[in-house]
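Note sheet for the following structure.
What follows draws every value from the coordinates through simple rules; no lab data is involved. Please read these numbers as outputs of a predicted model, since none were measured by experiment. Don't worry about glycine lacking a Cβ; one is built from the backbone with ideal geometry, like all the others, and counts go over all protein chains shown.
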């Protein structure tokens with residue numbers, strides 16, 4: 001078995017792609033419009049992942065501009081080289097961490113959380 005991707009629905013595709021690529025450094029892998037179904041799919045790969053590695057699928061339904069997150073979603077976690085650098089990118093974009101940086105419960109790793117434009121929580125972990 002191989003992990004392929006996680007899909008999230010986004011209300012504004014351009015805003016979400018800009019956040020993930022320009023602020024967090026993801027790479028757009030592929031994009032496809034489906035006019036009959038009235039939706040677009042964009043697959044992104046984290047900048048540090050190998051080509052063909054797991055992806056984040058952004059699904060934009062053309063007739064929907066927002067979603068309720070629900071209470072079951074927690075967060076998606078990514079390892080980063082520098083929380084300080086991510087913090088600077090967020091500040092440039094007029095954003096901020098939603099929590100942290102601080103230590104993980106075991107005290108061994110530094111972490112922070114940020115919300116994407118649709119409110120999805122992302123956990124960012126910096127291992128020393």
(request) Take the alpha carbon gyration tensor of region 5-126, find the square roots of its eigenvalues, order them as a ≥ b ≥ c, and report rounded if a/c is under 1.5; if not, report prolate when a/b exceeds b/c, else oblate. (result) prolate
(request) Treat the count of other C-beta atoms within 10 Å as a stand-in for reagent exposure and order 31, 9, 45 from fewest to most. (result) 31, 9, 45
(request) Order the peptides 76-87, 101-112 from the highest to the lowest mean number of other Cβ atoms within 10 Å of their residues. (result) 76-87, 101-112
(request) With a cut-off of 19 Å, note down the residues of region 81-110 whose backbone N falls inside the zone around a label point 7 Å from the Cα of residue 125 toward its beta carbon. (result) 81-87, 98-110
(message) Which of 57, 50 has the fewest other C-beta atoms within 10 Å, and how do the rest follow up to the most?
(response) 50, 57
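Taking neighbour Cβ counts within 10 Å as the exposure measure, how do 67, 3 sort from fewest upward?
Details: 67 14, 3 8.
Ranking 67, 3 by Cβ neighbours within 10 Å, fewest first, gives 3, 67.
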(message) Rounded, prolate or oblate, given the Cα gyration tensor of region 1-65, with a/c below 1.5 counting as rounded?
(response) oblate
(request) Quote the relative contact order of region 5-126 in percent (integer), defining contacts as alpha-carbon pairs under 8 Å separated by 6+ residues. (result) 25
(request) Principal axes first, then extents: for the Cα atoms of region 28-98, list largest minus smallest coordinate on each axis, whole Å, largest first. (result) 44, 30, 27
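Percent antiparallel among DSSP beta bridges with both residues in the chain, to the nearest 5?
70
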